[in-house]
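Every number here is computed from the coordinates shown, using simple stated rules; none is lab data. None of the values given here were measured: they were computed from a predicted structure. Here the Cβ is made from the backbone with ideal geometry for all residues, glycine too, and neighbour counts use every protein chain on show.
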Amino acid sequence: MKKQIVFVLVVLLSSLNARSQKIINQFPVFNSGERITYKAAYNWGFIWINAGNVEFRVTESEFENQKAYRLNCYGTSLPSYDWLFKVRDYYQSYVRKENLTPIYYDRNTYEGGFQVHNRFRFNYSDSVIYSETQNTNRSYKLDTLNITKTVYDVVSGVYLIRNMDFDNYKINDTIPIIMIIDSEIFNLYVRYLGKEILKIHNKRVFKTIKLSALLIDGTIFSGGEDLFVWITDDLNRIPILVEAKIRIGSVKAILNTTENLKFPLSSEIKR
């Protein structure tokens, strides 16, 4: 069954030979108040078009009397390109401060006329996820999903990956992560591809860790290992560049601004 894919940083497939996750000693690698923005670009042939913006925010919060981080993500197309493919995406995830396991997730997105609203409540004492889903093609549905291990939503999955320790991995090692996408649970992975010096559009140069992922076949992506992510090779572990092929052309998100980072951005090479 084809899936609607909503954010290219974390849509992955399963691996049979995955190694266990290792969390970095400086956990967590972000502060409350951290804000990171990206420019989203679309490629068709030889033409790259700046078509949208993406923003991530972290704030300290509480959810149902639990101390939590509130993780927000906003994605919008530029008004001048709304006629081509209008995007208004909003995600929020409340996660436990001590281990980033999700407590509550809310996705409310509009992409090219297709609307999705998903809400998940994670009940670890009963080993279930309470799911509320609806979209343009499917009416409101309540469901209860049984779980035996920790399951992440797409936003908490991004921040989990940032906190992974890649120092003991070898090139092509895969790292498992179980995720819930559109009320279905998948055994997923990221692949470690080593370290690389990366220059981005504004002539900034970074030491980076390179990762790849497989995409689920859907209305935007064709599937296959066509997603690449470069994160800073420092304690912040910030995604610098994300690239993915889509059915027509390709897309990428490029780091624009950072605010209130926990650590110095020591991976940037000054020239």
Net charge near residue 34: determine it from the other residues with C-beta under 13 Å of the C-beta of residue 34, scoring Lys and Arg +1 and Asp and Glu -1. +3
Structure shown: which of 97/203; 149/207; 67/195; 207/252 lie over 24 Å apart, alpha-carbon to alpha-carbon? 97/203; 149/207; 67/195
Restricting to aspartates and glutamates and to Cα separations under 12 Å from residue 141, and discarding same-chain partners fewer than 8 apart, the set is 132, 182
Taking neighbour counts of Cβ atoms within 10 Å as a proxy for exposure, in what order, fewest first, do 206, 186 appear? 186, 206
Considering all projection directions equally, how large on average is the shadow of the alpha-carbon convex hull of segment 35-82, in square nanometres? 4.6 nm²
Could the peptides 29-42, 61-74 be put in order, highest first, of the mean number of other beta-carbon atoms found within 10 Å of their residues? 29-42, 61-74
Taking only the alpha-carbon positions of segment 35-269 as identical scatterers, the Debye log10 I(q)/I(0) at q = 0.10, 0.15, 0.18 Å⁻¹ comes out as -0.49, -1.19, -1.70
Report, in whole Å, the centroid distance computed from the Cα atoms of segment 42-116 and segment 154-182. 19 Å
Starting from the Cα of residue 270, draw a straight line to each of the aspartates and glutamates and keep only those under 17 Å, dropping any in the same chain fewer than 8 residues away. 196, 233, 234
